[in-house]
Amino acid sequence: MKSILRLTVNGREREDLVPQNMLLIDYLRDTVGLKGSKMGCDGGECGACTILVNDAPQLACLTLAATVEGKKIETVESLSQNGRLSKLQQMFHEKLGTQCGFCTPGMIMAAEALLRANSNPSDEEIKKALEGNLCRCTGYVKILESVKGVIESNEEAAA
Amino acid sequence: MEVLPDFEILCPNSAEEAAQMASKKGESRYMAGGTDFMPNMRRGLEKPKAVIDLSGIGEMQSIEKTGNGLRIGASVTLQQLISADEIKSDFSLLAEAAETIAGTTHRQTATVGGNVCLDTRCQFYNQSEWWRKSNDYCLKYEGEICHVAPTGKICRAAFSGDLAPALMVHGAKVELTSAKGTRTIDLKDLYQEDGADYLLLEPGELLVAVLVEKLEGYKTAYRKVRVRGGVDFPLVGIAAAVKGNGTQLEDLRVGLTGTNSKPVSLEGTADLCGGSFDETGFKALEKLVQKQIQPMRSTFSPSHYRRKVALNVSRRLVGNLLEN
């Protein structure tokens, strides 16, 4: 059974005919063509598919596309503007937080959600926000440094 | 993971409408946050013809003050529960337990009702279809024996929700709605010791809200032991409320999860209260826990380890609460 899904993906309104049993991750990757969000563990344990739904982080592999009707979806592709990386993305690049890159879209979106809600999180708060995101390269220290890099750079800009 | 079954999604606007939908549609399932239900469906453990999406039911999404407590809607998310002002003051135990559940991202969508009704778990059940099939299935899913206790007649999958023991300590009741009407029962009467049929709900019955009472003059805490620090189910989870100081124990309430097919509200604690609580008291507490829990081979960690952990953690938890 299919139904019409109306929503906003990365700032653009869309209307698509989707099967009711379609996962949001499949909708984003295969229907919309945004391949940034990754299907990792396929069961809600690794966080690689983390996207933002109305500014809150959500796992696209555990979400049915039809249940985000009318909502605002943001994937990692939404962050760069006019070909320039966002500050968070730039920090993942500079501080080597990207590692092999597979977990990165999920890590960045989970960190993006944290920074929108709390512009100056403590180390513990960053770790807590990213607890559901696994990096099989085990580059957690670099990932933590990348997120902290955004906070430091904001502080420098304000000083 | 399997391809999802074909189903239609129904979106009721009220709990009553949801219950009506469930009574009309055979093989339907309620879905709240879906953080546990979706993986189960993708593993082929659930094959509903209709999924009733509860996210549009406003009446189930609020926390309201009652006379001496709170009415927590079943669709309140764990994140909402953790950050709610009403919870921070007198119900911090609930927030403490909720914070240990899954990961930050899961808690944005996972709900109170979902965790209270969380499906029981077992290393022989939470597996892929080919794994289960090559193991001849099990009592909880299309098989004839329980691989955990092959000589027994019931499924030994473990209840693994973290909120239930904390709610039980707060004397929780649950509001249930079905096409036949509404009823309110004690939370502990919602469960039975059978992993394959652990919820005593009528067909199509929906958990609408949880009612909790304030604990006057108690100190509370929740401890969860698990393999991974985040995104993991409890090997043992213990909630305790203590009234007393130093060595004097006036009242004690203990709830446990992860050890049985239902959450355990520890019975017989009244006999330990009303006087000095010393080593004899701790020994008696350990004996109560020892007798009432039944950790089985449902997790990769051996059952004797979980038993030992349950005894040690309950002793430490009650001791710490008394001291502070």
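The values are calculated or read from the model by the stated rules, or taken from the named source; none is laboratory data. Bear in mind that the values here come from a model prediction, so they are computed numbers and not experimental data. When we count neighbours, we look across all protein chains shown, and the Cβ atoms used for this are built from the backbone with ideal geometry, even at glycine. Note: areas computed on protein heavy atoms with side chains; ligands, DNA, RNA excluded. Shrake-Rupley method; radii C 1.70, N 1.55, O 1.52, S 1.80 Å.
Please go through the range A:118-139 and pick out each residue that is open to solvent by 90 Å² or more (accessible area, probe 1.4 Å) and not charged (D, E, K, R). Spell out how you get there, then give the answer.
Going through the range A:118-139, the residues open to solvent by 90 Å² or more (accessible area, probe 1.4 Å) turn out to be A:120, A:124, A:127, A:136, A:138.
Passing the criteria: A:120, A:138.
Which one of B:211, B:201, B:249 is part of a strand (DSSP E or B), farther than 30 Å from residue A:128 by Cα and at pLDDT 95 or above? Break it down stepwise before answering.
Numbers: B:211 fails: farther than 30 Å from residue A:128 by Cα; B:201 fails: part of a strand (DSSP E or B).
Exactly one residue qualifies, and that residue is B:249.
Look through the range B:219-230, keep the residues that are open to solvent by 30 Å² or more (accessible area, probe 1.4 Å) and part of a strand (DSSP E or B), and return whichever of them is farthest from residue B:273 (Cα to Cα).
Among residues in the range B:219-230 that are open to solvent by 30 Å² or more (accessible area, probe 1.4 Å) and part of a strand (DSSP E or B), the one farthest from residue B:273 (Cα to Cα) is B:225.
Scan the helices (runs of 4 or more DSSP H) fully inside the range B:1-118 and keep the ones with 2 or more residues being at pLDDT 95 or above and within 14 Å of chain A (Cβ to nearest Cβ).
So the answer is B:37-42, B:78-83, B:92-99, B:104-109.
Considering only residues that are open to solvent by 30 Å² or more (accessible area, probe 1.4 Å) and within 23 Å of the chain's Cα centre (by Cα), which ones fall in the range B:2-35?
Within the range B:2-35, B:29, B:30, B:32, B:35 qualify.
Looking at the range B:56-73, can you tell me whether even one residue there is assigned by TED's automatic domain parsing to the domain that holds residue B:3, open to solvent by 10 Å² or more (accessible area, probe 1.4 Å) and of a type in the set (S, T, N, Q)?
No.
Which one of the conditions (1) within 30 Å of residue B:246 (Cα to Cα); (2) free of Cβ contacts under 8 Å to residues at least 12 places away in the same chain; (3) not in a loop (DSSP other than H, G, I, E, B) does residue B:216 fail to meet, given that it meets all the rest?
(3)
Across the range B:119-137, what is the number of residues that are part of a helix (DSSP H, G or I) and either within 14 Å of chain A (Cβ to nearest Cβ) or crowded, with 19+ Cβ neighbours inside 10 Å (or both)?
Taking the range B:119-137 first, the residues part of a helix (DSSP H, G or I) are B:129-134.
Going one step further and asking which of them are either within 14 Å of chain A (Cβ to nearest Cβ) or crowded, with 19+ Cβ neighbours inside 10 Å (or both), we end up with B:129, B:131-132.
Residues flagged as part of a helix (DSSP H, G or I) and either within 14 Å of chain A (Cβ to nearest Cβ) or crowded, with 19+ Cβ neighbours inside 10 Å (or both) within the range B:119-137 amount to 3.
When residues of the range B:43-58 are filtered for being in contact with a helix residue (DSSP H, G or I) (Cβ under 8 Å, 6 or more places away or on another chain) and either of a type outside the set (Asp, Glu) or more than 24 Å from residue A:62 (Cα to Cα) (or both), how many remain?
Qualifying residue count, the range B:43-58: 9.
Would you tally the residues in the range A:1-50 being among the β-branched types (Val, Ile, Thr), touching a residue at least 40 places away in the same chain (Cβ under 8 Å) and open to solvent by 30 Å² or more (accessible area, probe 1.4 Å)? Don't jump to the end; show me each part of the working.
Step one: of the range A:1-50, the residues among the β-branched types (Val, Ile, Thr) are A:4, A:8-9, A:18, A:25, A:31-32, A:50.
Filter once more, keeping what is touching a residue at least 40 places away in the same chain (Cβ under 8 Å): A:8-9, A:18, A:50.
Adding the requirement that they be open to solvent by 30 Å² or more (accessible area, probe 1.4 Å) leaves A:8.
Total satisfying the criteria: 1.
List, please: which pairs have Cβ atoms under 7 Å, are six or more places apart or on different chains, and start with a residue in the range B:133-146 that is under 16 Å from residue B:196 (Cα atoms) and end with one that is assigned to a loop (DSSP other than H, G, I, E, B) and open to solvent by 100 Å² or more (accessible area, probe 1.4 Å)?
The qualifying pairs are B:143/B:136.
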